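A.B. asks: Before we start, here is the structure in question, set down as structure tokens.
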Amino acid sequence: MELWMWILLFFIIGQRLIELIIAKNNEKWMKARGGIEAGSDHYKWFVYLHVLFFISILLETISKPDHVTNSINYLYFTVFIAAQLARVWCIHSLGRFWNTKIIILPRVALIRKGPYKYIKHPNYVIVAVELFIIPMLFGAYITAIVFPILHISLLRIRIPAEEKALASTSKL
């Protein structure tokens, strides 16, 4: 694996770990104010998906023959950077309400600013793009096909659970 790939892989993993810390802090903050977690049964599958995603990239990339080298594809890298900026925009727009779990805070209006002004679940779109574009950067083509499909399958459970939880906030 090329040096730039290791650097990028560790950057992305580090970014995800920081996001988990932010999410945990936001979870504590919301629950201290009466936040209610919903749809927790499927959450573990997202964790498995993302851990296996990185393992799959690593295995697929290091299993390539030594003579196969990957130079950086600047189009893919540009899409990756755009996705990261959009991710930060989502996190910033939701502020303390951003989380990797479904946690609702009763009597709090839905946030409709930033990308949430234009699309209902922008973070899920960004993750789908990342699950395709990151493996493409590494030349991990099987991972680029399999993991977006798995992600979409999980979203068929996640989005209805989130919608139900969000709809219930107006009733609380």
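A.B. asks: Based on what the data block shows, is A23 open to solvent by less than 30 Å² (accessible area, probe 1.4 Å), of a type in the set (A, V, I, L, M, F, W, C) and under 28 Å from Y118 (Cα atoms)?
C.D. replies: Answer is yes for this residue.
A.B. asks: Kindly establish whether F53 is open to solvent by 50 Å² or more (accessible area, probe 1.4 Å), within 30 Å of G95 (Cα to Cα) and modelled with pLDDT of 95 or more.
C.D. replies: no
A.B. asks: If you scan the range 56-84, which residues turn out to be of a type in the set (V, I, T) and modelled with pLDDT under 95?
C.D. replies: T61, I62, V68, T69, I72
A.B. asks: Pick out the one residue from R107, R96, R87 that is surrounded by fewer than 16 Cβ atoms within 10 Å (Cβ to Cβ), in contact with a helix residue (DSSP H, G or I) (Cβ under 9 Å, 6 or more places away or on another chain) and at pLDDT 95 or above.
C.D. replies: R96
A.B. asks: Only one of these is aromatic (F, W, Y) and open to solvent by 50 Å² or more (accessible area, probe 1.4 Å): Y48, Y43. Name it.
C.D. replies: The unique qualifying residue is Y48.
A.B. asks: In the range 141-172, which residues are closer than 30 Å to I81 by Cβ, open to solvent by less than 20 Å² (accessible area, probe 1.4 Å) and either modelled with pLDDT under 95 or among the basic types (K, R) (or both)?
C.D. replies: R158
A.B. asks: So for the range 60-75 (the condition being under 18 Å from the mean Cα position of the chain (by Cα), surrounded by 14 or more Cβ atoms within 10 Å (Cβ to Cβ), more than 24 Å from W45 (Cβ to Cβ) and of a type outside the set (V, I, T)), does at least one residue qualify?
C.D. replies: no
The values are calculated or read from the model by the stated rules, or taken from the named source; none is laboratory data. All values derive from a computational prediction rather than experimental measurement. Here the Cβ is made from the backbone with ideal geometry for all residues, glycine too, and neighbour counts use every protein chain on show. For accessibility, only protein heavy atoms count, side chains too; no ligands or nucleic acids. Shrake-Rupley method; radii C 1.70, N 1.55, O 1.52, S 1.80 Å.
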